[in-house]
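Notes to accompany the following structure.
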Amino acid sequence: MAEVEETLKRIQSQKGVQGIIIVNSEGIPIKTTLDNSSTVQYAGLIHQLVMKARSTVRDIDPQNDLTFLRVRSKKNEIMIAPDKDYFLIVIQNPSD
Amino acid sequence: GNDVTPQVLYQADPAAVQAKASRFFMDEISAGGSASDQTTTTGSFTMPFSRYHSITPFLFFCSLSDVQGKRDAMKELVTEDMLKEVIEVYISETDSISLLDIPSTFVSVDAHDAEAIIERNNQYAEVCRNRMGNDKYVDRSMQTLNGEAKNKQVQSDSIVMVDTAATVTAWDMYDTYISPEQDETVCVPQAERADYPEVAVDTSRGAEKNMSVGSSTSTGSVASSLKEQEALGNGLNAESELQLIMLSEKFQHLLLVTERSILGNVFQPKLAAYRELPILEDSDIPMKPGTVEQREDTESPRPPAVECLWAFSCELSRGRSVSSMAWNKKYPDLLAVGYGELDSSNQKPGLVCCWSHKNPTWPERVIYCDSAVTSLDFSFNNPSQLAVGMQDGSLVIYNVQSRNQLCVVSSSECTNKHLAPVWQIRWTQQDLSLTGEEKLEALYTVAADGKICKWFICNNGLDCIELMKLKKIHNTKKKSVLSALSPGLCFDFHPRDSSIYLVGTWEGLIHKCSSSNSQQFLETYRKHFCPVNCIIWCPLIPDVFLSCSSDWTIQLWKQDHLNPVLGFSSTQKAVCDIKWSPKCATVFGAVNEGQLEIWDLNSSILDPVIVQPAAPGVKMTSLLFATQTDCVLVGDSDGQVTVYQLKNLSVGKNSQVKLRNR
C-alpha cells in the first residue's frame, strides 16, 4: 500500500505532470490532485471517450480489450489507463 | 327498444375476466332484460353490471360460463424463472384461408366453353338492340325501403407505448455467450449498493456488467445525473473503494505502465539516441535557437566525444558508491548495479538495484543486503538469478523475477565460505556438457582471503570446492614452509577455453591457472607493482588481455608472452576498472578516479581518444560497455550510473591489430 502511494507521489513529481485523477466505473472521481471543477470535467468527458474507445476495440475483435489510451494535444498529453472498475488519468505537459 | 349502449371492452379486475367470453350474451340478455331506467355507462371497471341491482344476472353469467365450460385462464403471476425458461415455439404452415373469392367475369378465348359464352353474349347484344320499340318490354317503377342508419361506437383502451432502444455490438454478444455463469456473482454486488437511488446509475452499472442493455443510451443519463450529485462521491464509500482499487495488483501494473509512459515522454530524445534512432523534433515544443545552429555544421569532421544521455539515480542510491555493474544475459537492457563502500571503514549495508532504461528514475527491483556489495553477475542458464558477493565474504543468489520472493540461496551456512570480501564473482559456461544441449554453468569467486572457489547449490544451500589458493611467491632463496595467501582481486576466464583463467593479486602479479590443476600456476606475469584491479580478456582477438592496476598503468598482454606488449598511462591516478569494447577490437575504456578514458589503439597508443572528466567531488568507480549500442555506463561514488554515448569514434575496417612480437 505504501509502495503504491510512493509510486503515485513519484509520478506526481515527474517533469511536466499536471495532475492525476482516479475515476471509478460510474465516472465519479475518487482521488485527484487537481481542483474540483477541472476534475469533474475531465472525469465526465474522458469516461465517455474511454467507453467509446473500448467499444471500438472490442467491436473489431471481441477477444481484444483496451489497455492504454494516450491523447496527444498541442498543449499537453492525457494518458488514460483503463480497467474494468476504474481508470487512471494522468495529464502531462512534456515541454514543461 | 334495445339497449345498445357500448360495453366496456377491457376489465382490469381479473375476477371479471369471465365476462369477456360471454359478452355478447350480455347484450342479448339486456335486450330482453329488466333495465327500466335510463342507464349510463359507468366508469368503474370493477362492477360493470352493478346497474342491474340484482345478482341473478351475475349468477346467471357464472352459470353460463360454467355451462360454456370456457374459462379464461387466471393470469398466473409470471415469475423470473418462467421468463428465463426456454420456451419452444413451433411455427407451421396452415392451410390457405380464403378471405375473399370473387370469380372473374372474363373468360379466355381459348377456354373450352368459350364458344357457348360468345354465343350467349351475341344473343344478349341482339336482345338489347331489339329492346327499343319492342312490345315485349314495358317500363315499370319500383320503390325500395331505406333502412334507418344508426351509429355504433366502439371504445378501446389506448395501447401504452414505451420506447426502448438497444445497441447490439459484437462484443456484447461475445460477452453474453462466454459468461453465463458470471450473472449470479454479479447480482450480489448490485444488491449491496442500494444507496445509489438513481435508476439511471443502476442500469449503467448493469449495462457494463451484464452487457444486456446498450451502454450508449445509459451513459448519457449518468453524465447528466453526475452534476447533480456530489462531485467527489459520498464519504465512506469513495474511501473504501479507493483502498480496494489501490491494493489491487492490476492497479499497480497500470501505475507502472503509466509511469513508464510519462518517463518515455520526458526522456524520449535520449532514449532515441540510445537506440541510435533519428531524433524527431516535437513540433509542438518551441525550438530553442541554439540547437538550430548546431545542425548546420555537420560537414566538418568532429572530434570523438561522449555525450551524456541520462543517469540512473534515485534517492535510495544517492550517497552510496557504485561497486559493480552487470548486464542481464537474456535481456541486454536490464542492468544490475551493486552499491557498497569500498573502503572498509564505512560498514554501511549494501544495496542492489536492477535498472531498466524504461524508468531511469526508479529501479525495477531493490534488494537490501546485509553488507556492502562488492561484485555481482547474472546467470546464463537461469537469467533471473543474480549472484552477489559481499564484503563480509558471503555469497547470495537472488531471484529478480518476482517482486516478493527474492533470496534463493545464501552461503552463510557453508563451512568453506570466504571470510574476506568477495572481490569478483563470475558465472561461466563450460564447453563440455554431458547432455549436449544445455551448457553447464558454474559459479566462481575470488576473494581477499586468497582462495578461488567453485560453488554448487546443494541441499538448499551453497557449497564450494576450492579451485586454487593464491600462494605468495617468495624468492627462491628463502624457502619458507608456511606461505601466506595473497588476496586475489580479480579474475577472468578465457572466452574460448573455459578451463583457463587469469587471476590478479594484491601484489601486482597475474597468474594464469587451469581449473584442472589446483596446485600450481601455469604462468605468472609480472609487471605491476601495485594491486591489479581488473583483468579482462579481449572478446574479439584471441589470447590478448588487458590489466589495470593502482600503479596508474594499463598493460596489454599476449598469452604466451611474459612481458606486456604495450603499456598505457595517462594520469597519475589508480585505474579502477577497464573494459574492452564488444564491437571494435581496438577500443577499450578505462576509468580512474577522476575521469573516463576511451582508448583507440588504431589511432593512438599514447593518449586516450576521448577523455571525460568526472563531476567535481565525485569519483568514477566502475565501467561497463553496452552490448547493443555505442554507449558506456559509468558508475561513480555518488550512486549515479551515467550513460554516455560514444560519438564520432571512427571504427576502422580491420577489426584486428597486428601486434609486433617483442
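Structural remarks
- Residue count for segment B:364-392 under the criterion of being assigned to a loop (DSSP other than H, G, I, E, B) and at pLDDT 90 or above: the result is 0.
Residues checked against (1) over 30 Å from B:Leu9 (Cβ atoms); (2) assigned to a loop (DSSP other than H, G, I, E, B); (3) aromatic (Phe, Trp, Tyr):
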| site | (1), (2), (3) |
| --- | --- |
| B:Ser96 | yes, yes, no |
| B:Leu100 | no, yes, no |
| B:Ala116 | yes, no, no |
| B:Met142 | yes, yes, no |
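- Selection count where residues are over 18 Å from B:Arg403 (Cβ atoms) and facing another protein chain (nearest Cβ under 7 Å), scope segment B:252-270: 5
This table checks each residue for (1) farther than 16 Å from B:Phe312 by Cβ; (2) out of contact with any helix residue (DSSP H, G or I) (no Cβ under 7 Å at 6 or more places or on another chain); (3) not in a loop (DSSP other than H, G, I, E, B).
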{"position": "B:Asp560", "(1), (2), (3)": "yes, yes, no"}
{"position": "B:Trp599", "(1), (2), (3)": "yes, yes, yes"}
{"position": "B:Gln628", "(1), (2), (3)": "yes, yes, no"}
{"position": "B:Val634", "(1), (2), (3)": "no, yes, yes"}
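- For the residues A:Arg54, A:Arg58, the requirement of being free of Cβ contacts under 8 Å to residues at least 40 places away in the same chain, facing another protein chain (nearest Cβ under 7 Å) and either in a strand (DSSP E or B) or over 13 Å from the mean Cα position of the chain (by Cα) (or both) singles out A:Arg58.
- Number of positions in segment A:71-84 that are touching a residue at least 12 places away in the same chain (Cβ under 8 Å) and either at the interface with chain B (Cβ under 7 Å from one of its Cβ atoms) or charged (D, E, K, R) (or both): 5
- Residues that are of a type in the set (Val, Ile, Thr), more than 8 Å from every other protein chain (Cβ to nearest Cβ) and assigned to a loop (DSSP other than H, G, I, E, B) within segment A:3-46 comprise just one, A:Thr33.
- Any chance B:Glu148 is within 30 Å of B:Asn2 (Cα to Cα) and not small (Gly, Ala, Ser): yes
Okay, residues lined up against (1) in contact with a helix residue (DSSP H, G or I) (Cβ under 9 Å, 6 or more places away or on another chain); (2) in a loop (DSSP other than H, G, I, E, B); (3) under 23 Å from B:Leu624 (Cβ atoms):
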{"position": "B:Asp551", "(1), (2), (3)": "no, yes, no"}
{"position": "B:Asn563", "(1), (2), (3)": "no, yes, no"}
{"position": "B:Gly567", "(1), (2), (3)": "no, no, no"}
{"position": "B:Thr571", "(1), (2), (3)": "no, yes, yes"}
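Listed here are the residues, each with its yes/no results for (1) at pLDDT 85 or above; (2) surrounded by fewer than 10 Cβ atoms within 10 Å (Cβ to Cβ).
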| site | (1), (2) |
| --- | --- |
| B:Glu76 | no, yes |
| B:Lys84 | no, yes |
| B:Thr94 | yes, yes |
| B:Pro103 | yes, yes |
| B:Ala111 | no, no |
| B:Glu115 | yes, no |
| B:Tyr124 | yes, no |
| B:Asp135 | no, yes |
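- Checking each residue of segment A:85-92 against the condition of being touching a residue at least 60 places away in the same chain (Cβ under 8 Å), more than 18 Å from B:Glu259 (Cβ to Cβ) and at the interface with another protein chain (Cβ under 9 Å from one of its Cβ atoms) gives at least one match.
The values are calculated or read from the model by the stated rules, or taken from the named source; none is laboratory data. Since the model is a prediction, treat every value here as computed from it, not as a measurement. So basically every Cβ, Gly included, is an ideal-geometry build from the backbone, and we count neighbours across all protein chains shown.
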